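The values are calculated or read from the model by the stated rules, or taken from the named source; none is laboratory data. Remember, it's a predicted structure, so these values are computed and weren't measured experimentally. Positions of Cβ are generated from backbone atoms using ideal geometry, with glycine treated the same way; all protein chains shown enter the neighbour counts.
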Amino acid sequence: MKVVELNHVALSVSSLEASSHFYGDTLGLEPIPRPAFPFPGAWFRIGAAQELHLIGGRAAGLANEGSRGGHFALRVADIAAAERRLREKGAAFRGPSPRPDGVMQIFVQDADGHTVELCGP
């Protein structure tokens, strides 16, 4: 498996409007189109190729809820190779499965329970 780059950071937020204002207006991040996920959110460009994904609907004090909670994503060159590597290492994971825009994703947790998304073709 070859990791290519950090793709995006996702944050679960309690107020999508307030968070979008902060990241868009206060920090000046450019809003970008978002696939038609069945839950509220907003996406922003970070630098040349990275993104910030806000996921709305977080209740105050709510703990991480898997892939919809806080996670980071690594774009991989070959999702099938990533799946093979995880199987070889005996890691528990979910996927690969397609997002609404067709990008394939795998979710795996680190030793502390932080969710890492591997995404790619």
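Miscellaneous remarks
For (1) closer than 21 Å to VAL3 by Cβ; (2) modelled with pLDDT under 90; (3) under 12 Å from the mean Cα position of the chain (by Cα), each residue gets a yes or a no:
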| site | (1), (2), (3) |
| --- | --- |
| GLU51 | yes, no, yes |
| ILE55 | no, no, yes |
| PHE72 | yes, yes, yes |
| ALA82 | yes, no, no |
| LYS89 | yes, no, no |
| PRO96 | yes, no, no |
| THR115 | yes, yes, yes |
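- Selected residue (criterion: surrounded by the most Cβ atoms within 10 Å (Cβ to Cβ)) from residues of region 84-121 that are among the basic types (Lys, Arg) and closer than 25 Å to ARG34 by Cα: ARG94
- Test: residue in region 6-28 that is surrounded by fewer than 12 Cβ atoms within 10 Å (Cβ to Cβ) and touching a residue at least 12 places away in the same chain (Cβ under 8 Å): no
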